[in-house]
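Chemist: One structure, as C-alpha cells, below. Some questions next.
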Amino acid sequence: MHNYILKDENAIYYECGYSCDNVIFIQLGKEAFFITDARYSIEAKQHVKNAQVIESKTLIKTAKELLKKSKVKKMVFDGNDFSYDSYQALVSHSSVKFINKPHFSHLKRVIKTTQEIDYLKKASQLGQKGFNALAKYLRKNGFDENEKFLHFKATEKMSQQGVYDLSFDPIVAINENAAKPHALPTSKRLNKDDLILVDAGVKFKRYCSDRTCTAHVDFEKLNFKREQTFKNKKHQKIYDIVLKAQLNAIEKARVGMKAKDIDALTRNVIAKAGYEKYFVHSTGHGVGLDIHEHPYINSKSDVIIEENMVFTIEPGIYLPNEFGVRIEDTIVMQNGKAVIL
C-alpha cells in the first residue's frame with residue numbers, strides 16, 4: 001500500500017512518532033506529509049520523523065492541493081477516520097479515487113515489534129504498581145468512601161499522581177454496580193465483605209495497559225491478587241468459575257488458533273457452570289497505542305492468532321442487581337503461547 005491518508009492520532013503517531021488532534025497525514029510512495037496548523041507546527045517540526053511538516057490553516061484544502069500536484073490516481077483511507085463532512089470536502093472536485101479500507105492501520109499494527117512489546121510490558125508493570133497503591137489506599141482509607149471518590153483515587157494512584165496518562169477512564173464498581181460491565185461511579189459506599197471490581201490501565205510512551213481485578217473487601221488484607229477469599233459464598237463460587245475460565249484460556253491459547261477458539265476456551269467453562277447468558281461480552285481485544293485494537297477475541301472471529309500479537313483475556317459473569325466478576329490480563333503470544341504482560 002503506497003498511497004494512503006490518515007486522520008487518526010494514534011495511527012499517525014505510529015507512522016512518524018508524533019501526533020496531535022488536528023492533522024492530516026499523507027503517504028505518497030516513499031514521501032510523507034504531516035499537515036497541521038500553527039498551534040502544533042513547532043512541536044511537529046521537532047518530533048515528526050520521516051515526513052515533511054506543512055503548516056496550514058485549511059488542512060483538507062492543502063491535502064487536496066498536494067494530491068493534485070502529485071498526480072496520484074488512488075488513495076487508501078479508513079472510513080472510520082473521517083467525518084461525513086470532511087470526507088465530502090476531501091472527495092469533491094477531486095480526480096483521485098479514494099478506496100475505503102476500514103481499520104487498515106490497526107491491521108498493519110496487529111503484530112507488535114520487540115520495542116512495542118517492551119513498552120506494553122512497562123505499561124503493565126506501571127499498571128500493577130497503580131493497583132498495589134490503590135489496594136494500600138483502600139485498606140487504610142477506603143472504608144465508607146463512595147465510588148465517585150474511589151474512582152478519583154484510582155485515577156490518582158494509577159497515574160502515579162499525574163505522571164502517566166491513563167489508558168481509559170477507570171471503572172470502580174461495588175457489588176451490584178459490578179454487574180454492569182462498564183459501570184459509571186455512583187455514591188454507593190464501600191463496606192467490609194463487599195465485592196469491588198476495578199478495571200484500569202496506564203500508558204507508557206503512548207502504549208496502553210489494561211487489567212481488571214475483582215476483590216473481596218477486607219480492610220486488613222484487601223489486595224488485587226488472583227487468589228481471593230470471599231465471605232459471601234456466591235461471590236466465591238462465581239469468582240472461582242471466572243478465574244478457571246480465564247486461566248483455561250491463558251494456559252491453552254496457542255499461535256495458529258482462530259480467535260474464536262480462544263473465545264471458546266473461556267466461554268465453555270462458564271457455559272458448563274450454567275452461566276453462559278451472564279457472560280455478555282467477548283473474551284478480549286488487542287491492545288497497543290489504542291486500548292481496543294485488532295485482534296478481537298470473540299465467538300465469530302476466524303482471525304488466526306500469530307506470534308507477537310497482544311490482547312486481553314477477560315471473561316466475566318454479571319448477575320443483574322447482585323454483583324459481577326471480571327478478571328482480565330493482557331497477554332502477548334510468545335514462543336507459540338500466551339505470556340501475561
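Laboratory data are not the source of any read-out in this text; all were calculated from the coordinates shown. The structure displayed is predicted, hence computed values, not measured ones. Backbone-built Cβ (ideal geometry, glycine too); neighbour counts: all protein chains shown.
Chemist: Just to confirm the filter: which trypsin sites (Lys or Arg not before Pro) across the stretch 167-201 are DSSP coil and have at most 14 other Cβ within 10 angstrom of their Cβ? Kindly include the intermediate steps, with their values, before the conclusion.
Modeler: Numbers: sites: Lys188, Arg189, Lys192; in loops: Lys188, Lys192.
For trypsin sites (Lys or Arg not before Pro) across the stretch 167-201 that sit outside H, G, I, E and B with at most 14 neighbouring Cβ atoms in 10 Å, the list reads Lys192.
Chemist: With r as the distance between the Cβ atoms of Asn146 and Lys277 and R0 = 25 Å, compute the FRET efficiency 1/(1 + (r/R0)^6) and round to 0.05.
Modeler: Numbers: r = 31 Å, r/R0 = 1.23.
So, using R0 = 25 Å, E works out to roughly 0.20.
Chemist: Tell me, what is the Rg over Rh of the chain, with Rh the Kirkwood radius over Cα pairs?
Modeler: On the way: Rg = 22.5 Å, Rh = 21.7 Å.
Ratio of gyration radius to Kirkwood radius for the chain: 1.04.
Chemist: How do His47, His235, His93, His2 line up, fewest other C-beta atoms within 10 Å first?
Modeler: On the way: His47 16, His235 22, His93 7, His2 11.
Taking fewest neighbouring Cβ atoms as first place, the list is His93, His2, His47, His235.
Chemist: Okay, moving on. Could you check the spin-label model distance between Gln128 and Asn232? Points 7 Å from the Cα along Cα→Cβ, value in nm.
Modeler: The two pseudo-label positions are separated by 2.9 nm.
Chemist: Moving to a separate point now. Just to be sure I understand: with springs between alpha-carbon atoms less than 10 Å apart, which residue in Arg211, Arg254, Arg226 has the highest mean-square fluctuation in the Gaussian network model of the chain?
Modeler: Arg226
Chemist: Continuing with this model, one more query. At 0.36 nm per residue, minus the direct Cα-Cα distance, what do Asn50 and Asn80 gain on full extension? Give it in nm, one decimal, please. Provide the component values of the computation, followed by the final result.
Modeler: On the way: separation 30, 0.36 × 30 = 10.80 nm, distance 2.46 nm.
Computed gain between Asn50 and Asn80 is 8.3 nm.
Chemist: Using the basic label-point model (7 angstrom from Cα toward the beta carbon), what is the Glu251 to Lys192 distance in nanometres?
Modeler: Placing both labels 7 Å along Cα→Cβ, they lie 3.6 nm apart.
Chemist: Follow-up. Fewest Cβ neighbours within 10 Å first, please rank Arg326, Arg267 accordingly. Display every interim value, and only then the final one.
Modeler: Working: Arg326 23, Arg267 20.
Sorted ascending by nearby Cβ count, the order is Arg267, Arg326.
Chemist: Roughly what % of Cα-Cα distances in the stretch 106-237 sit above 20 Å, to the whole percent?
Modeler: Working: 3873 of 8646 pairs.
Across the stretch 106-237, Cα pairs with separations above 20 Å total 45 percent.
Chemist: Can I ask one more? With respect to the cross-link table entries Lys122/Lys300; Lys180/Lys237; Lys61/Lys97; Lys221/Lys260; Lys73/Lys101, which display a Cα-Cα separation exceeding 27 Å?
Modeler: Values: Lys122/Lys300 32 Å; Lys180/Lys237 19 Å; Lys61/Lys97 17 Å; Lys221/Lys260 38 Å; Lys73/Lys101 16 Å.
The pairs that break the limit, which is 27 Å between Cα atoms, are Lys122/Lys300; Lys221/Lys260.
Chemist: Any chance you could run the full-extension gain for Asp302 through Glu31? It's 0.36 nm times the residue separation minus the Cα-Cα distance, nm to one decimal. Spell out each step's value before the answer.
Modeler: Numbers: separation 271, 0.36 × 271 = 97.56 nm, distance 3.51 nm.
Net length gain for the segment: 94.1 nm.
Chemist: The stretch 134-156 to the stretch 27-42: how many Å between their Cα centroids?
Modeler: Using only Cα atoms, the two centres lie 43 Å from each other.
Chemist: Could you rank the peptides 308-315, 199-206 by their average count of other C-beta atoms within 10 Å per residue, with the highest value first?
Modeler: Working: 308-315: 24.5, 199-206: 22.5.
Ranking, from highest mean packing down: 308-315, 199-206.
Chemist: Which residue, Tyr239, Tyr318, Tyr18, has the most motion in a Gaussian network model of the chain that connects Cα atoms within less than 10 Å?
Modeler: Highest fluctuation of the listed residues: Tyr18.
Chemist: While we're looking at this one, here's another question. Based only on Cα atoms, what Rg/Rh ratio does the stretch 1-95 have, Rh being taken as Kirkwood's radius? Don't skip to the answer; put the middle values down first.
Modeler: Details: Rg = 12.2 Å, Rh = 13.3 Å.
Using Cα coordinates only, the ratio equals 0.92.
Chemist: Something else now. In sequence order, what are the phi-derived ³J(HN,Hα) couplings for the stretch 303-312 according to the Karplus relation 6.51 cos²θ - 1.76 cosθ + 1.60 with θ = phi - 60°, rounded to whole Hz, with x for glycine and proline?
Modeler: Calculated HN-Hα couplings, in order: 4, 7, 6, 10, 3, 6, 7, 10, 7, 8 Hz.
Chemist: Which pairs, out of Lys108/Lys277; Lys157/Lys231; Lys45/Lys74, put more than 31 Å between their alpha-carbon atoms? Provide the component values of the computation, followed by the final result.
Modeler: Values: Lys108/Lys277 34 Å; Lys157/Lys231 27 Å; Lys45/Lys74 28 Å.
Pairs exceeding 31 Å: Lys108/Lys277.
Chemist: Rounded to the nearest 500 deg cm²/dmol, what is the calculated helix-only ellipticity per residue at 222 nm for the chain, with -39500 (n - 2.57) per DSSP H run of length n ≥ 4?
Modeler: Numbers: 9 runs with 114 residues, N = 341.
Helix contribution divided over all residues of the chain: -10500 deg cm²/dmol.
Chemist: Over all Cα pairs of the stretch 173-305, how is the pair count split among 10 Å bins, expressed in % and running from 0 up to the last occupied bin?
Modeler: So the P(r) values, bin by bin, are 11, 35, 37, 15, 1.
Chemist: In what order do Leu28, Leu265, Leu6 fall by count of nearby beta-carbon atoms within 10 Å, going from fewest to most? Walk me through the numbers on the way to the answer.
Modeler: On the way: Leu28 18, Leu265 22, Leu6 26.
Sorted ascending by nearby Cβ count, the order is Leu28, Leu265, Leu6.
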